[in-house]
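Undergrad: Sharing a structure below in structure tokens format, with a few things to ask.
The values are calculated or read from the model by the stated rules, or taken from the named source; none is laboratory data. Keep in mind the model is a prediction, meaning the values are calculated, not measured. Reconstructed Cβ throughout: ideal geometry from the backbone, glycine too, with neighbour counts over all protein chains shown. We work out accessible area using only protein heavy atoms, side chains counted, and drop any ligands, DNA or RNA first. Shrake-Rupley method; radii C 1.70, N 1.55, O 1.52, S 1.80 Å.
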Amino acid sequence: MTSTADRIDPVTDPREMTATYVRAMNSGAVEAVLGLYTEDAVSVWEPGKPVSGKEHEDGLRAYLTRKPSMKAELRESFVTDDTALLVVDWELDIPAGQGFEAEHHTGVGLDVLRLGEDGRWRYVVDNPFGEA
């Protein structure tokens, strides 16, 4: 049997990262989402508060338990050699539950991707609050 994580294809074209990330997030498959980041990636899930390493992984695991639903559109992409910059319009809904009220968020993200030796693109900087 194929798991949801197995259906998330490797990203070999950086312009496909946004759609792949949305599929991974909406699937709730933590390992699939984590696989889209470099080991040294930095995420800014709260403006001005970057996280990486174990803090990044633990935060993502906790966040996905809230079952967020994401939509996103790639607005612009700039690629040079092994680096890409994506500008992304996104929308995220989190249902109410377990002491949390329902939430709705929107924004413009700035994402930096790096091409790995394996030919896969991964996030090195994930900043959903790029316009803040």
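Undergrad: Which value, in Å², gives the accessible area per residue of the chain when a 1.4 Å probe is used on the protein heavy atoms? Working shown, then result.
TA: Working: 7790 Å² over 132 residues.
Dividing the accessible area of the chain by its residue count gives 59 Å².
Undergrad: Can you give the % of DSSP beta bridges in the chain that are antiparallel, to the nearest 5?
TA: Details: 33 of 36 bridges.
Rounded to the nearest five, the antiparallel share is 90 percent.
Undergrad: Taking every pair of alpha-carbon atoms in the chain, give the share separated by more than 24 Å as a whole percent. Show your work: numbers first, answer last.
TA: Working: 2025 of 8646 pairs.
Result for the distance tail: 23 percent.
Undergrad: For every other residue with a beta carbon closer than 13 angstrom to the beta carbon of L86, add +1 if it is Lys or Arg and -1 if Asp or Glu, then tell me the sum.
TA: Numbers: positive: R15, R75, R114, R122; negative: D13, E16, E73, E76, D89, D111, D126.
Once positives and negatives cancel, what remains is -3.
Undergrad: Per the 1.4 Å probe, what fraction of the accessible area of the chain, in percent, lies on carbon and sulfur atoms? Don't skip to the answer; put the middle values down first.
TA: Values: 3940 of 7790 Å².
Using a 1.4 Å probe with all protein chains present, the chain comes out at 51 percent carbon and sulfur.
Undergrad: Using only the alpha-carbon atoms, how far is helix 17-27 inclined from the longest principal axis of the chain? Give it as 0 to 90 degrees, nearest 10.
TA: 30 degrees
Undergrad: Now for a separate question. I need the trypsin sites (Lys or Arg not before Pro) found in region 1-72, filtered to DSSP loop residues with at most 12 other beta carbons within 10 Å of theirs. Please report the intermediate quantities before stating the final value.
TA: Values: sites: R7, R15, R23, K54, R61, R66, K71; in loops: R66.
Answer by residue number: there is no such site.
Undergrad: I'd like the accessible area for H105: 1.4 Å probe, protein heavy atoms, all chains in place, Å² to the nearest 10.
TA: It works out to around 70 Å².
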